[in-house]
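One structure below.
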Amino acid sequence: MGEEVKLFRSWSSPFALRIVWALEIKGIEYEAVFEDLSNKSPLLLQYNPVHKKIPILVHNGRPIVESFVILEYIDETWKQAPLLPEDPYERAMARFWAKFCEDKVLISIWSAFIKQGKEQEEAMVAATENLKFLEKEMKGKKFFGGERIGYVDLTLGWLANLGSIFEEIVGLKIVDEEKFPLLYSWMQDFAEAPIIRDNWPPRDKMIVKFQALLDAAIASSSSSSSSSK
Amino acid sequence: MADEIILLDLWASMLGMRVRVALAEKGLKYEYREQDLRNKSPLLLEMNPVHKKIPVLIHNGKPICESLIIVQYIDEVWYNKSPLLPSDPYQRAQARFWADYTDKLNAKSLYELGRQLWLTKGEEQETAKKGFMECLKLLEGELGDKPYFGGENFGFLDVALVTFSCWFFAYESFGNFSVEAECPKLVAWSKRCMEKESVSSSLEDPLKIHGFVIMMRKELGAE
């Protein structure tokens, strides 16, 4: 008897990290199964046939996939340390901002990191516009969840770690302390919060990984744009 | 005190129709305000400053945006009538997963693929058609032999998907294919849903949608 909770993750995935944080914030015991995404296990493919991705939460043998779906499942199944607010309107707002962070903020910042030239400039403009909305949303709050870390914080949490890693690699200031003081201090507070700080992947490995991704992107974009080969 | 509910919407939008179905399922009275997206109203810009899109639900003066977020909100506030999400967390996760699947932005949502079906030609259109049908086939697999995606009862995922069905005729005309030939169970399901008052009163006439697409193609220079 007893709960069986497994989390399929990788060492670096920011999406899986959301689930690690959620489980640990709620004090849920779980077994981490680390996947090599270049060589996906049969179990991963069985549990997530549609997307073939991690994270996958397996609770008493039943899989749940997609980090937002998993977070809501965890919050509904284990009621301690709630991630989403109780009030339906506040919940709708949390879901709205989480979706905004994923669909707009993440995409624009990733593009600002991985693209070059004009495309990068455009991505930075978009990223800045998006961050302005978040800065406004942070007014009067320590975390997006208020006094405690919540659903939106976990969704955007990758920024508190990857933000400075991207900046180090490409020398681009993504979250300028002067332009976005509230967001900047949120990044520090979040990164150093208990549980959050204990789970960051090793920084040197992350730099190597993302530098390699950037190098590959540059190589493929210059070979596709060159015509005289 | 009575609830004041306003819906900012566009008649042809299958995303806006999701909200109309949800409101009808709950038996709620609301004020529908048609929006002109080429000339956005001050109210729309005030209520959805981030995306400037419809649908927007305004409940007692407070806005909620994003169709599936609105549907969940409606379900949570008016929880004692026609629940749309099941009560079991695992079933809820399944419904959310499949609804999310239709809306997945980076992997081309059903909405995106459908749009490319009527907007593009040649190879681009063929790719969109292929992606669109793959999506529908997967959904049909998920439906299986159940009367509704929600099982015995019409639920969240049914709301999320049924509104696309009034766009099928337009997609089929411009994409030159038949949804019924490839996904007969899905078409049967959509007809079953149309027997419900909340659905038939919220979805638009497929011929009118077809006319709307003709107009949009001209406007966007696809002709």
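Looking across A:91, A:95, one residue alone is of a type outside the set (A, V, I, L, M), part of a helix (DSSP H, G or I), over 16 Å from the mean Cα position of the chain (by Cα) and buried (at least 17 other Cβ atoms within 10 Å of the Cβ). It is A:91. Of all residue pairs spaced 6 or more apart or on separate chains, none has beta-carbon atoms under 8 Å together with a first member in region A:202-217 that is without any contact (Cβ under 8 Å) to a residue 12 or more places away in the chain and closer than 12 Å to residue A:113 by Cβ and a second member that is surrounded by 13 or more Cβ atoms within 10 Å (Cβ to Cβ) and basic (Lys, Arg).
Condition check ((1) farther than 27 Å from residue A:71 by Cα; (2) open to solvent by less than 20 Å² (accessible area, probe 1.4 Å)) across all residues:
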position: A:121; (1), (2): yes, no
position: A:127; (1), (2): no, yes
position: A:151; (1), (2): no, yes
position: A:157; (1), (2): no, yes
position: A:164; (1), (2): no, no
position: A:168; (1), (2): yes, no
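A count restricted to region A:59-100 and to residues that are in contact with a Leu (Cβ under 8 Å, 6 or more places away or on another chain) and over 22 Å from residue B:71 (Cβ atoms) stands at 1. Here residue A:39 meets each of (1) farther than 23 Å from residue B:98 by Cβ; (2) within 19 Å of the chain's Cα centre (by Cα) with one exception, condition (2). Within region A:103-123, residues that are closer than 24 Å to residue B:100 by Cβ sit with their Cβ atoms under 9 Å from residues that are aromatic (Phe, Trp, Tyr) and open to solvent by less than 70 Å² (accessible area, probe 1.4 Å), at 6+ positions apart or across chains, in these pairs: A:104/A:133; A:105/A:133; A:106/A:158; A:109/A:166; A:110/A:166.
Note on region B:73-84: among residues that are surrounded by 21 or more Cβ atoms within 10 Å (Cβ to Cβ) and among the hydrophobic types (A, V, I, L, M, F, W, C), the one that is farthest from residue B:162 (Cα to Cα) is B:74.
Quick check on region B:43-56. Is at least one of its residues β-branched (Val, Ile, Thr) and without any contact (Cβ under 8 Å) to a residue 40 or more places away in the chain? Yes - at least one qualifying residue is present in region B:43-56.
When each of B:108, B:104 is tested for being away from chain A (no Cβ under 11 Å) and free of Cβ contacts under 8 Å to residues at least 40 places away in the same chain, the lone residue that passes is B:108. Out of A:31, A:3, A:86, I need the residue that is open to solvent by 60 Å² or more (accessible area, probe 1.4 Å) and at pLDDT below 95. Which one? Checking each option against the conditions leaves just A:3. Taking the numbered list (1) outside any helix (DSSP H, G or I); (2) within 14 Å of another protein chain (Cβ to nearest Cβ); (3) buried (at least 21 other Cβ atoms within 10 Å of the Cβ) in turn, residue A:54 passes all entries but (2).
For region A:168-182, the criterion of being of a type outside the set (A, V, I, L, M, F, W, C), part of a helix (DSSP H, G or I) and within 16 Å of the chain's Cα centre (by Cα) is satisfied by no residue at all. All of A:21, A:78 fail the test of being open to solvent by less than 50 Å² (accessible area, probe 1.4 Å) and within 14 Å of chain B (Cβ to nearest Cβ), apart from A:78.
Criterion applied to B:52, B:40, B:104 was being modelled with pLDDT under 95 and either at positive phi or open to solvent by 30 Å² or more (accessible area, probe 1.4 Å) (or both), and the one residue passing it is B:104. Within region A:189-208, being open to solvent by less than 70 Å² (accessible area, probe 1.4 Å) and on the phi < 0 side of the Ramachandran plot holds for A:189, A:190, A:191, A:193, A:196, A:199, A:200, A:201, A:202, A:206, A:207.
When B:146, B:137 are checked against the criterion of being closer than 20 Å to residue B:86 by Cβ, open to solvent by 50 Å² or more (accessible area, probe 1.4 Å) and among the basic types (Lys, Arg), B:146 stands alone in meeting it.
The values are calculated or read from the model by the stated rules, or taken from the named source; none is laboratory data. These numbers come from a predicted model, not from an experiment. Ideal geometry is used to build each Cβ from the backbone, glycine not excepted, and the neighbour counts take in all protein chains shown. With ligands, DNA and RNA removed, areas are computed over all heavy atoms of the protein, side chains included. Shrake-Rupley method; radii C 1.70, N 1.55, O 1.52, S 1.80 Å.
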